[in-house]
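Chemist: Attaching a single structure in structure tokens format; questions to follow.
The values are calculated or read from the model by the stated rules, or taken from the named source; none is laboratory data. A quick note: this is a predicted structure, and the numbers were derived from the prediction, not measured. Cβ sites come from the backbone with ideal geometry, for glycine too, and all protein chains shown count toward neighbours. Please note that ligands, DNA and RNA were not included when accessible areas were found on the heavy atoms of the full protein model with its side chains. Shrake-Rupley method; radii C 1.70, N 1.55, O 1.52, S 1.80 Å.
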Amino acid sequence: MLLDLSIQTLAQKLRGKEISSADLIRESYAQIDRFDKKVNSVITLVDQEEVIEKAKNVRFTSPLSGIPFVMKDAYLTKGVRTTAASKILDDFIPPYSATVYRRLEEAGAILIGKLNMDAWGHGASTENTDYDPTKNPWDMTRSAGGSGGGPAAAIASRFCSFGIGEDTGGSIRNPAAWNNISAMKVTYGRVSRYGAIAYASSLDTMGPTAKLVEDCAYVLEVIAGHDPYDATSSSHPVSSYVKELRQSIRGKRLAFPTEFYGDALDGEIKEAIAKAREEFVSLGAIVEEVSLPLLEHGVSVYYILAPSETSSNLSRYDGIRYGNGRDLFTRETKRRIMTGTYALSSGYYDAYYKKAQKARSLFIDQYAKLLSRYDALLAPVTPIMPPKFGQLLDDPVKNMMADLYTVPVNIIGLPSLALPCGFGKDGLPIGMQLVGRMFSEGELFALGHAYQESTDWHRKQPVMLER
Amino acid sequence: MKGKAPKSTKTTPVLTKKDIDHLARLASLPLTAKQSDELTEQVGVTVHYVSQLQALPTEGVTETSQVTGLENVFREDEIDPARMLTQAEALSNAKRTYNGFFIVDRVLEEK
């Protein structure tokens, strides 16, 4: 099928008139029609006729022109319902668009749907949604991950060519790992947050997710860059990620932090990453074991900072100017608002919030020292395989521990590329992450692309698609 | 690290139902009695877990509140028409409006 092809190949075929954008769109809707009753990745589907009309008039100004994509339902899309997977915004129609969406529209990419997630980004399993959980296309009894489970499951199910996710504590990387796809958690400030529904403002990042590392590079090149509407967006020049992608990785230095491979890590994941490590060595990279002793404090720092910021961000939902009442927040979201309110409240502020901000400085120092000697860290994305439904929800500690390996990166602001690196004995996908220095997305793409050129994990598809 | 919360000890704060009801008022969250009970336990577990951070020495460390490295990002104090909503757009998602205004509940009470 066409949606198995890379963005580069699709762009060539579209320009050569071998295929039309409308063909791609029809394939997307047919796939959704066939599989999404089971997978449940879509919250709002854009009207097919409207989309095909857009596809017929598309001008080929960028490699993304005419290509169908989805967004996690956390981005404002003018005229298209945006819910953040919460009943509070069940009937919210944004009067303006997020910068990321505007840039993709200008590049001619075609939005087909707004996808499922944990409400407000609060979760690692897409069970904390008011629109029923998204199922993992690799095993329907298991979670598709979260918070961006919808876009990841949709890409694995070939509903679209790429997706836009968001990562505050692992929300783009965790579902990528559990759905056998790739995703880039960008450097904080690399992509504008304007018009993205805020979870935790100092941690939120907007990024691409797709079948291939290479596809993510094409998408990031379009969405990255300074935005006058987001004062925290960076003026750091945007590289040509597509060019950097093809750089040699010979002699690159990878750090293998031993703390990431302790008791908390599932044995199958440990084994898969050990093999990936060998693969990198055979590709000419140098891999050395290092120590990052702060890791064990990452979850505590994150679960003080993120709930604190979310308790403030979510205070705007009062049902006056838009949306419904605060009684509609889910239990998980109420838990986070209450935890954050506690950490910020008089008498506890110094012991929790301020302490976590100090710890944040220590994390920045420890990783900076390490990344002055290495080009990237090689680490697992999650400590566990995709869980059965109910295993994470309503167990606050298990829920937090799912984020063990992903949250340090957000605390520091570093970029991290997640990509497939194997399967467990039950056929469930396993992912790894490559964490780099600030604004080193191009180097990470090169490492990930070299790995995908010499392995074929990313080509494997859920059995459901073969029938 | 084990994937389990440490056992509660007397030195760690344990939240009471009264604390939760106070926090709910601060956060403007309407809670049912059942939700309040559940949250007393669950927020307590979360707070207890993150209290492990107290073991990390941070004396003399400066706090980090943001990681951009940017300071004092200013812009001209000018209206950008491209960003403006019309009155109709601004009101388009409100449940209760009157003569082009949002309706809000009374916050002051008569004596």
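Chemist: Could you work out, residue by residue across B:21-29, how many beta carbons of other chains sit within 10 Å of that residue's beta carbon, and then give the average as an integer?
Modeler: Partner-chain Cβ atoms within 10 Å, mean over residues of B:21-29: 6.
Chemist: May I ask you to find the residues of the stretch A:291-307 that are shielded by at least 50 Å² of accessible area once the whole protein assembly is considered instead of their isolated chain (probe 1.4 Å)?
Modeler: A:H297, A:S300
Chemist: Could you work out how far the C-alpha centroid of the stretch B:91-111 sits from that of the stretch A:360-429, in angstrom?
Modeler: After rounding, the separation between the Cα centres reads 45 Å.
Chemist: Now a separate question. Exceeding 32 Å between C-alpha atoms, which entries from my cross-link table qualify? They are A:K17/A:K460; A:K17/A:K243; A:K211/A:K270; A:K185/B:K34.
Modeler: A:K185/B:K34
Chemist: Given a 1.4 Å probe, show me the residues in the stretch A:91-111 buried by at least 30 Å² of accessible surface when comparing the whole protein assembly to the chain alone.
Modeler: A:P95
Chemist: In Å², nearest 100, what accessible area do chains A and B bury in total when the solvent probe is 1.4 Å?
Modeler: Adding both sides of the contact gives about 5200 Å².
Chemist: Something else now. Which value, in Å², gives the accessible area per residue of the stretch A:1-106 when a 1.4 Å probe is used on the protein heavy atoms?
Modeler: 43
Chemist: Report, as an integer, the average count of C-beta atoms from other chains found within 10 Å of each Cβ along A:227-235.
Modeler: 3
Chemist: Still on this structure, please answer the following. What angle do you read, to the nearest 10 degrees and between 0 and 90, between the alpha-carbon axis of helix B:17-26 and the longest principal axis of chain B?
Modeler: That helix lies at roughly 20 degrees to the long axis.
Chemist: What residues of the stretch B:71-101 lose no less than 30 Å² of accessible area with every protein chain in place versus their chain by itself (probe 1.4 Å, heavy atoms only)?
Modeler: B:V73, B:R83, B:L85, B:E89, B:N93, B:K95
Chemist: Next question. With all protein chains present, how much of the accessible area of the stretch A:157-263 (probe radius 1.4 Å) comes from carbon and sulfur, to the nearest whole percent?
Modeler: 51
Chemist: A follow-up question, please. Over the stretch A:1-155, what percent of the accessible surface lies on carbon and sulfur atoms, probe 1.4 Å?
Modeler: Accessible surface attributable to carbon and sulfur in the stretch A:1-155 totals 47 percent.
Chemist: Same structure again: When ligands, DNA and RNA are left out and all protein chains stay put, how many square angstrom of accessible area per residue does chain B have with a 1.4 Å probe?
Modeler: Heavy-atom SASA per residue in chain B reads 78 Å².
Chemist: Which value, in debye to the nearest 20, describes the size of the charge dipole of the protein assembly as shown about its Cα centre when Lys and Arg Cβ atoms bear +1, Asp and Glu Cβ atoms bear -1, and nothing else is charged?
Modeler: For this selection, approximately 360 debye.
Chemist: Using helices alone, what [θ] at 222 nm do you get for the protein assembly as shown, with -39,500 (n - 2.57) per DSSP H run of 4 or more residues, divided over all residues and rounded to the nearest 500?
Modeler: It comes out at -10500 deg cm²/dmol, rounded to the nearest 500.
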